[in-house]
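Report on one structure; see the data block that follows.
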Amino acid sequence: MKKQSNLSRLLEIAGSHKYLTYASWVLSAISALIALVPYYYIWQVMKEVLDTAPDFDRAQNLTHNGWMAVLFAVIAVLVYITGLMCSHMGAFRIATNLRIQTMEHIVKLPLGFAESFGSGKLRKIVNESSAATETYLAHQLPDRAGAIATPCGLLVLLFVFDWRLGLLSLVPVLLGFLIMMAMTGKRMQERMKEYQNALDDMSNEAVEYVRGIPVVKTFGQTIFSFKKFKGSIDRYQKWVIAYTKELRTPMMLYTAAINGVFAFLIAGGLLFTQNGVTSEFLLNVIFYIIITPIISVTLTKIMFQSENAMIVDDALKRIDSVLDLEPLKETTHPQHPKDGSVELDNVRFSYDGEKDVLKNISLSIPAGQTVAFVGPSGGGKTTLANIISRFFDPQRGAVKIGGVDVRNIAKEELMDTVSFVFQNSHLIKASIMENVRMGNPYATREEIMQALKNAQCMDIIEKLPNGVDTIIGTKGVYLSGGEQQRIAIARAFLKNAPVIILDEATAFADPDNETKVQAAFSKLSKGKTVIMIAHRLSTVTGVDKIYVVKDGQIAECGTSQELLGQDGLFRRMWKDYQTSVQWKVSKEAQI
């Protein structure tokens with residue numbers, strides 16, 4: 001099957017707007033040809049001046065020819081602007097449709113996709129890659145049509161007046177074209193891919209670094225502690241310098257060739273006038289020196305169009321890297337969970353298909369129980385929670401909620417069945433009311449106020465200028481991490497899902513906020529199945545069961561008293577935790 005070209009694909013996305021794109025090409029080509037007409041009238045002016053010199057009073061058509069040159073120049077500009085208006089309307093539609101197509105696909109992908117893919121990289125693909133197609137269609141393609149039409153018109157002009165000088169004018173064109181081909185071949189395509197990879201890497205690491213600034217400030221670290229971010233900058237710097245040096249010589253030769261056309265004309269003029277100079281030949285030489293700079297401008301346009309074509313090709317490949325990802329399969333015969341119980345049966349999961357993050361995990365959580373996942377960092381606790389909520393599907397085994405495999409539960413019902421409160425809850429730029437309403441779009445104002453009250457948020461509401469109608473993130477209205485967490489809990493109250501997952505939900509809360517968050521959790525968890533992920537072991541002592549996760553496996557399980565009575569990992573973790581708490585207290589006492 002023949003691969004569809006990038007241009008045909010983009011025009012297909014444009015729908016009926018593609019005809020505007022076609023019109024822009026035609027108008028740009030017409031504009032380029034009209035733009036050559038003034039040179040004819042300039043030649044007429046020069047001819048009349050030379051013919052009537054030194055008695056210029058005999059020149060009768062200078063004013064007419066001058067105004068005709070101005071008229072056609074204005075017409076060329078107006079036609080070109082009309083073409084650009086058409087191209088921009090088509091380009092904006094294509095970029096919009098491409099963004100919509102990408103975002104519609106993203107929402108069908110597993111919920112954990114954005115985290116594994118990288119939010120900075122994903123943002124760059126959605127925004128900048130689609131913007132690259134916009135520039136290409138709005139400017140580069142119309143300019144390409146003009147760049148094709150211009151040489152055709154120039155060939156006529158170059159050979160009509162003096163074919164010998166016309167041939168000489170084409171010598172630097174040929175040299176420049178050969179150098180340009182050497183710079184914009186397959187090697188350049190690979191270089192462009194490397195360049196975009198370096199930008200993606202740096203953008204992704206920058207986002208992660210910004211998110212980690214609180215940690216940097218807290219522990220007094222420098223940028224050098226974020227080796228991945230600094231490494232991405234160093235790699236980009238090294239690549240750009242090497243690439244610039246590589247293209248330095250061919251770019252110098254290209255610039256000298258396309259801008260040196262007048263040197264060829266002067267040399268040819270000296271050669272062709274060894275037996276004397278006629279006024280007609282002098283007129284042609286001057287005319288050619290005036291018109292040939294168009295050649296260098298046209299070649300430069302073609303060169304940058306080749307570069308932009310490679311940028312668009314790379315941009316579409318990056319968009320395809322998202323579009324080619326398979327969404328989670330939706331069942332055609334959905335089943336309904338009977339309760340909030342959770343069961344994992346021999347679950348294995350790997351992010352890259354090679355190293356298992358979860359290794360044959362089996363566990364059962366009865367409806368209404370509160371359990372905790374604890375263990376060393378990187379052991380698989382968050383991945384385990386993600387699998388339960390179907391952020392990803394396991395490579396082997398099954399995850400069941402209410403006795404039904406999550407793959408057989410409709411996506412909307414699964415989202416209504418499971419609520420999440422993460423350690424870094426995000427609020428959108430909207431009112432408190434709208435942020436909480438995300439838990440249930442059909443909730444009344446009274447129901448939202450009750451959810452805020454249950455989540456211990458009334459002290460937040462009372463201090464805000466417009467209460468629950470205050471817009472977050474504007475005019476200096478911002479909430480602390482702990483306050484945002486309570487708003488997120490209110491959202492979970494409103495959703496009223498039978499299964500609740502709490503991922504380090506008190507990690508960034510101060511003591512006052514933590515007390516209120518814990519009180520909100522206590523009310524939220526009544527009658528619900530609660531799965532907690534925690535590093536503060538004091539927060540899990542009262543749960544029904546603790547699962548100690550290490551290296552992708554359940555190392556131990558039981559109540560806190562049972563696990564403390566064993567000489568195992570949890571007991572050692574508890575001992576280390578108590579030591580760290582005492583160390584903090586003694587240090588504060590010294591201060």
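The values are calculated or read from the model by the stated rules, or taken from the named source; none is laboratory data. Please read all numbers here as calculations on a predicted model, not as lab measurements. Virtual Cβ from ideal backbone geometry, glycine too; neighbours counted across all protein chains shown.
Anything in the range 346-387 that is more than 18 Å from Asp551 (Cα to Cα) and touching a strand residue (DSSP E or B) at 6+ places or on another chain (Cβ under 7 Å)? List them, or say none.
Ser364, Ile365, Ala367, Gly368, Gln369, Thr370, Val371
Might you let me know whether the range 5-24 holds any residue that is hydrophobic (A, V, I, L, M, F, W, C), in a helix (DSSP H, G or I), in contact with a Gly (Cβ under 6 Å, 6 or more places away or on another chain) and in the same structural domain as Lys301 (by TED's automatic domain parsing)?
Within the range 5-24 (the criterion being hydrophobic (A, V, I, L, M, F, W, C), in a helix (DSSP H, G or I), in contact with a Gly (Cβ under 6 Å, 6 or more places away or on another chain) and in the same structural domain as Lys301 (by TED's automatic domain parsing)), the answer is yes, since at least one residue qualifies.
Each row is one residue, and each column tells you yes or no for (1) more than 30 Å from Phe264 (Cα to Cα); (2) surrounded by fewer than 16 Cβ atoms within 10 Å (Cβ to Cβ); (3) out of contact with any helix residue (DSSP H, G or I) (no Cβ under 9 Å at 6 or more places or on another chain); (4) among the charged types (D, E, K, R).
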{"site": "Thr292", "(1), (2), (3), (4)": "no, no, no, no"}
{"site": "Ile311", "(1), (2), (3), (4)": "yes, no, no, no"}
{"site": "Leu325", "(1), (2), (3), (4)": "yes, yes, no, no"}
{"site": "Leu328", "(1), (2), (3), (4)": "yes, no, no, no"}
{"site": "Glu354", "(1), (2), (3), (4)": "yes, yes, yes, yes"}
{"site": "Ala372", "(1), (2), (3), (4)": "yes, no, no, no"}
{"site": "Ser389", "(1), (2), (3), (4)": "yes, no, no, no"}
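So which residues in the range 162-172 are surrounded by 18 or more Cβ atoms within 10 Å (Cβ to Cβ) and not hydroxyl-bearing (Ser, Thr, Tyr), if there are any at all?
If the condition is that a residue be surrounded by 18 or more Cβ atoms within 10 Å (Cβ to Cβ) and not hydroxyl-bearing (Ser, Thr, Tyr), then Asp162, Leu165, Gly166, Leu168, Leu170, Pro172 are the ones that fit.
Output the qualifying pairs, or none if there are none: Cβ atoms under 7 angstrom, residues six or more apart or on different chains, first residue in the range 80-95 and assigned by TED's automatic domain parsing to the domain that holds Glu128 and of a type in the set (Lys, Arg), second residue assigned to a helix (DSSP H, G or I) and surrounded by 18 or more Cβ atoms within 10 Å (Cβ to Cβ).
Arg93/Ala14; Arg93/His17
Only one of (1) among the hydroxyl-bearing types (Ser, Thr, Tyr); (2) in contact with a helix residue (DSSP H, G or I) (Cβ under 7 Å, 6 or more places away or on another chain); (3) farther than 26 Å from Thr332 by Cα fails for Ser419. Which number is that?
(3) is the only condition that Ser419 fails.
Please work out which residue is surrounded by the fewest Cβ atoms within 10 Å (Cβ to Cβ), limiting yourself to the range 426-485 and to residues that are of a type in the set (Gly, Ala, Ser), in contact (Cβ under 8 Å) with a residue 24 or more places away in the chain and assigned to a loop (DSSP other than H, G, I, E, B).
Residue satisfying both the conditions and the ranking: Gly473.
Looking at Ile295, Ile319 in this structure, which one is among the β-branched types (Val, Ile, Thr), closer than 27 Å to Arg144 by Cα, at pLDDT below 75 and in the same structural domain as Ile106 (by TED's automatic domain parsing)?
The unique qualifying residue is Ile295.
Right, Val548: touching a strand residue (DSSP E or B) at 6+ places or on another chain (Cβ under 9 Å), at pLDDT 90 or above and either in a strand (DSSP E or B) or of a type outside the set (D, E, K, R) (or both) or not?
yes
From the list Gln518, Gln484, which residue is of a type in the set (S, T, N, Q), closer than 30 Å to Ile365 by Cα, at pLDDT below 85 and over 35 Å from the mean Cα position of the chain (by Cα)?
From the options Gln518, Gln484, the qualifying one is Gln518.
Among the helices (runs of 4 or more DSSP H) lying completely within the range 86-181, list those that include at least 1 residues that are among the polar types (S, T, N, Q) and over 30 Å from Met251 (Cα atoms).
Answer list for the range 86-181: 113-117, 119-124.
Could you pull out the residue among Tyr236, Tyr288, Tyr254 that is under 24 Å from Ser129 (Cβ atoms) and either of a type in the set (Phe, Trp, Tyr) or buried (at least 19 other Cβ atoms within 10 Å of the Cβ) (or both)?
Of the residues listed, the single one that is under 24 Å from Ser129 (Cβ atoms) and either of a type in the set (Phe, Trp, Tyr) or buried (at least 19 other Cβ atoms within 10 Å of the Cβ) (or both) is Tyr236.
Would you be able to say whether some residue in the range 48-64 is touching a residue at least 60 places away in the same chain (Cβ under 8 Å) and surrounded by fewer than 18 Cβ atoms within 10 Å (Cβ to Cβ)?
Looking for residues that are touching a residue at least 60 places away in the same chain (Cβ under 8 Å) and surrounded by fewer than 18 Cβ atoms within 10 Å (Cβ to Cβ), one finds at least one in the range 48-64, hence yes.
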